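Engineer: To start, I am sharing the structure in question, which I have written as structure tokens.
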Amino acid sequence: MKVVIALCFSVFASAVSAQDLAPDAQVKKITDEVIGVIKQDKDIQGGNQKKINDLVDAKVLPYFNFSHMTALAVGRNWPKASAEQQKMLTSEFRTLLVRTYSSALSTYKNQVIEFKPLRAAAADTDVTVRTQVKQPGAEPISIDYSMEKIPSGWKVYDVAVGGVSLVTNYRETFNAEIRDGGVDSLIKSLASKNRSLETQTGSKPK
Amino acid sequence: MLWRFLGLLLLLTALGGCATTGGNPHDPLEGYNRAMFGFNEGVDNAIVKPVASGYKTVMPEFARTGVTNFFSNLRDPWIGVNNILQGKVGAGASDFGRFAMNTTVGILGLFDVASNAGLEKHNEDFGQTLGRWGVGSGAYVMLPILGPSTVRDGVSLFAVDWHGDPLWYVGNIPARNELMGVRLVDNRANLLDAGRLAEEAALDHYAYVRDAYLQRRRSLIYDGDPPPEPEPAKTSESGDGKDAAARAGTELPPAQITTQWGERVITAADEELTPAKEFSEAKAQPVAARQEAAGAPGSIYEPRIPYNNDALLVAPGEARIGFAQTSVRP
């Protein structure tokens with residue numbers, strides 16, 4: 001599980017050229033590159049948060065569509081939020097996701113990642129890239145990337161690990177928060193969560 | 001172990017009486033569950049987690065992998081039984097093959113040679129078998145020490161899975177308890193990182209664990225490829241808005257919008273208006289009808305739930321898919 005979460009992000013690091021690829025080829029290319037970096041960097045394996053953040057920032061984040069992710073997590077209340085609120089939600093949610101998953105990157109240990117054949121037509125603009133992480137003594141864990149094609153290339157808007165969407169898993173919590181205190185209350189909760197994590201780890205992802 | 005079964009049912013019924021209203025339709029016992037979650041966290045922080053951390057520090061990795069493999073191997077025959085009960089005979093045979101191979105060549109299961117030989121490890125239990133047979137999960141229940149479960153999964157665990165656990169057949173009680181202790185610690189050690197991540201990630205740790213458990217079980221029941229069905233919205237006391245919110249929250253994450261739908265509408269994406277890929281490929285409906293159902297781009301789409309939805313959900317998978325393809329799903 002741990003590794004798996006790490007890999008979600010690792011998968012998306014890469015050069016600009018990856019944007020021209022088919023979505024599954026893009027995922028594969030980026031996976032290989034990031035795993036290559038992690039395997040060679042003892043600091044990252046040892047949990048050097050600064051280096052991990054830099055890696056994630058440079059290679060992974062460009063391939064995620066955070067406003068779509070936030071909209072998906074907030075659910076039916078999204079259209080009810082003002083543009084300003086949406087912007088703040090996205091920014092706080094992004095910080096939370098990035099911090100959590102970059103701290104998982106250091107747990108990668110030589111697991112093998114397999115790619116399942118892409119079930120999509122060439123013209124599709126919304127696909128799911130399915131991968132599996134093999135682990136000794138446990139059943140393989142799936143990581144599925146939901147991706148959409150936008151003008152700047154293929155972007156990930158949801159990641160499901162072992163069938164659990166890391167995005168929509170927040171939806172019930174967000175709904176409850178908005179129901180009880182409105183959108184501003186959710187923004188405040190996210191912000192204070194981020195602040196408390198910041199003081200805990202003493203590092204701030206961008 | 002009928003008494004366990006009945007005891008659990010009684011307990012759950014009693015708890016149902018003091019169920020909190022409002023909140024999640026899957027979690028009517030939220031008040032009790034949160035208290036038990038707090039208790040489990042306390043036990044974990046005080047005892048289980050420190051022991052597991054120590055175990056992880058002291059034991060070299062290859063030894064821990066051996067221990068994990070050993071207990072994992074003991075579970076394979078029961079996993080095989082459940083695969084066969086679910087009609088997956090090939091997978092079941094593979095599980096027994098794994099057990100035979102790992103117990104012999106893999107030296108009592110210490111080495112998972114079967115995985116390297118291409119016999120993949122599976123994850124099955126009787127709760128999943130019941131789910132496959134169409135039994136709904138029932139309310140979410142936080143079990144003492146054992147953690148997240150549901151009425152279906154909890155009852156299965158106590159009434160049935162128990163019998164498929166070889167450790168219970170170890171005659172020497174102290175030895176049995178010791179083995180169980182080691183297994184618990186080993187399991188916990190394997191989850192240390194995941195647990196830390198979940199704590200970091202969650203705004204509301206309890207809800208995060210609950211929703212992850214429910215999503216995970218649903219995915220397991222369908223072996224990673226669950227149909228994108230809406231869960232039945234059973235509570236209606238709080239009006240449409242909440243029902244829809246509850247539905248939206250429990251539906252499958254990956255939205256599969258086909259090209260026929262044109263531009264993705266972000267305000268509607270969260271409503272899961274999209275048919276599953278399987279459905280869209282079937283081309284069972286004219287495009288015009290779909291567009292009409294979806295409304296103008298940008299508008300908020302409310303999924304229509306058929307009156308017989310509950311019956312639909314307990315129908316076998318085949319029938320359900322057929323139904324969805326023909327008329328009900330927009």
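The values are calculated or read from the model by the stated rules, or taken from the named source; none is laboratory data. Note that the structure is a prediction, hence the values are computed from the model and not measured. Reconstructed Cβ throughout: ideal geometry from the backbone, glycine too, with neighbour counts over all protein chains shown.
Engineer: Within the stretch B:95-129, track down each residue that is of a type in the set (G, A, S) and either within 12 Å of another protein chain (Cβ to nearest Cβ) or farther than 23 Å from B:R216 by Cα (or both).
Structural biologist: Step one: list which residues in the stretch B:95-129 are of a type in the set (G, A, S), which gives B:97, B:100, B:106, B:109, B:114-115, B:117-118, B:127.
The answer is B:G97, B:A100, B:G106, B:G109, B:A114, B:S115, B:A117, B:G118.
Each row is one residue, and each column tells you yes or no for (1) touching a strand residue (DSSP E or B) at 6+ places or on another chain (Cβ under 7 Å); (2) more than 7 Å from chain B (Cβ to nearest Cβ); (3) more than 18 Å from A:F66 (Cβ to Cβ).
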position: A:R130; (1), (2), (3): yes, yes, yes
position: A:K134; (1), (2), (3): yes, yes, yes
position: A:E139; (1), (2), (3): no, no, yes
position: A:D144; (1), (2), (3): yes, no, yes
position: A:I150; (1), (2), (3): no, yes, no
position: A:W154; (1), (2), (3): yes, yes, no
position: A:D158; (1), (2), (3): yes, no, no
position: A:E172; (1), (2), (3): no, no, yes
position: A:N175; (1), (2), (3): no, no, yes
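Engineer: Sticking with this structure for a sec: Taking the condition of being at pLDDT below 85 and assigned to a loop (DSSP other than H, G, I, E, B), how many residues in the stretch A:103-118 meet it?
Structural biologist: Summing the residues that are at pLDDT below 85 and assigned to a loop (DSSP other than H, G, I, E, B) in the stretch A:103-118 gives 6.
Engineer: Hand me the list of helices (runs of 4 or more DSSP H) wholly inside the stretch A:18-82 holding 1 or more residues that are at pLDDT 85 or above and of a type outside the set (D, E).
Structural biologist: A:23-40, A:49-55, A:66-74
Engineer: Out of B:F126, B:F99, report the one residue that is more than 30 Å from B:L29 (Cα to Cα), crowded, with 21+ Cβ neighbours inside 10 Å and modelled with pLDDT of 95 or more.
Structural biologist: Values: B:F126 fails: more than 30 Å from B:L29 (Cα to Cα).
The unique qualifying residue is B:F99.
Engineer: Could you please tell me which pairs satisfy a Cβ distance under 7 Å, a separation of 6+ or placement on different chains, a first residue in the stretch B:211-222 that is at the interface with chain A (Cβ under 8 Å from one of its Cβ atoms) and polar (S, T, N, Q), and a second residue that is in a helix (DSSP H, G or I) and surrounded by 21 or more Cβ atoms within 10 Å (Cβ to Cβ)?
Structural biologist: From the stretch B:211-222, the pairs are B:Q215/A:N169.
Engineer: Still on this model: Being out of contact with any Asp or Glu (no Cβ under 7 Å at 6 or more places or on another chain) and within 12 Å of chain B (Cβ to nearest Cβ) is the requirement here; does A:E84 meet it?
Structural biologist: Working: out of contact with any Asp or Glu (no Cβ under 7 Å at 6 or more places or on another chain): yes; within 12 Å of chain B (Cβ to nearest Cβ): no.
No.
Engineer: Also, quick follow-up: Quick check on my filter: what residues within the stretch A:174-200 are of a type in the set (K, R) and at pLDDT below 95? Walk me through it before giving the result.
Structural biologist: Taking the stretch A:174-200 and keeping what is of a type in the set (K, R), we get A:179, A:188, A:193, A:195.
Those that are of a type in the set (K, R) and at pLDDT below 95: A:R179, A:K193, A:R195.
Engineer: Then there is this: Sort through A:T100, A:T95 and tell me the only one that's β-branched (V, I, T), modelled with pLDDT of 85 or more and outside any loop (DSSP other than H, G, I, E, B). Step through it out loud before you land on a result.
Structural biologist: Details: A:T100 fails: modelled with pLDDT of 85 or more.
The unique qualifying residue is A:T95.
Engineer: Would you pick out the residues in the stretch A:119-163 that are of a type in the set (G, A, S) and either surrounded by fewer than 21 Cβ atoms within 10 Å (Cβ to Cβ) or modelled with pLDDT of 90 or more (or both)? Steps first, please.
Structural biologist: Within the stretch A:119-163, the first condition is being of a type in the set (G, A, S), and the residues that meet it are A:120-123, A:137-138, A:142, A:146, A:152-153, A:160, A:162-163.
Of everything in the stretch A:119-163, those that are of a type in the set (G, A, S) and either surrounded by fewer than 21 Cβ atoms within 10 Å (Cβ to Cβ) or modelled with pLDDT of 90 or more (or both) turn out to be A:A120, A:A121, A:A122, A:A123, A:A138, A:S142, A:S146, A:S152, A:G153, A:A160, A:G162, A:G163.
Engineer: Okay, moving on. Where in the stretch B:55-138 are there helices (runs of 4 or more DSSP H), lying wholly inside it, with at least 2 residues that are of a type in the set (A, V, I, L, M)? Quick ask: steps written out before the conclusion?
Structural biologist: On the way: elements: B:61-85, B:89-104, B:113-116, B:126-132.
Qualifying helices (runs of 4 or more DSSP H): B:61-85, B:89-104, B:113-116.
Engineer: Just checking, which of A:A160, A:A121 is under 22 Å from B:D211 (Cβ atoms), among the hydrophobic types (A, V, I, L, M, F, W, C) and either in a helix (DSSP H, G or I) or free of Cβ contacts under 8 Å to residues at least 40 places away in the same chain (or both)? First the steps, then the outcome.
Structural biologist: On the way: A:A121 fails: under 22 Å from B:D211 (Cβ atoms).
After applying the criteria, what remains is A:A160.
Engineer: For the stretch B:54-76, give me each residue that is more than 30 Å from B:F99 (Cβ to Cβ) and either within 14 Å of chain A (Cβ to nearest Cβ) or in contact with a His (Cβ under 7 Å, 6 or more places away or on another chain) (or both).
Structural biologist: To start, the set of residues in the stretch B:54-76 that are more than 30 Å from B:F99 (Cβ to Cβ) comprises B:54, B:57.
Answer for the stretch B:54-76, where residues must be more than 30 Å from B:F99 (Cβ to Cβ) and either within 14 Å of chain A (Cβ to nearest Cβ) or in contact with a His (Cβ under 7 Å, 6 or more places away or on another chain) (or both): there is none.
Engineer: Need the failing condition index for B:G90 against (1) surrounded by 15 or more Cβ atoms within 10 Å (Cβ to Cβ); (2) closer than 28 Å to B:A159 by Cβ, just the number.
Structural biologist: (1) is the only condition that B:G90 fails.
Engineer: Just to be sure before I move on: is A:L186 under 30 Å from A:K39 (Cα atoms) and in a helix (DSSP H, G or I) in the structure I sent? Explain how you work it out, then say what you get.
Structural biologist: Values: under 30 Å from A:K39 (Cα atoms): no; in a helix (DSSP H, G or I): yes.
Spelling it out, it is not the case that A:L186 is under 30 Å from A:K39 (Cα atoms) and in a helix (DSSP H, G or I).
Engineer: Same structure, new question: Could you tell me which residue of the stretch B:53-69 is surrounded by the most Cβ atoms within 10 Å (Cβ to Cβ), considering only residues that are under 19 Å from B:K121 (Cβ atoms) and touching an Asp or Glu at 6+ places or on another chain (Cβ under 9 Å)? Steps first, please.
Structural biologist: To start, the set of residues in the stretch B:53-69 that are under 19 Å from B:K121 (Cβ atoms) comprises B:61-62, B:64-69.
When the remaining residues are screened for being touching an Asp or Glu at 6+ places or on another chain (Cβ under 9 Å), the result is B:64-65, B:67-69.
Working: B:R64: 17, B:T65: 20, B:V67: 21, B:T68: 22, B:N69: 24.
For the stretch B:53-69, the residue satisfying everything is B:N69.
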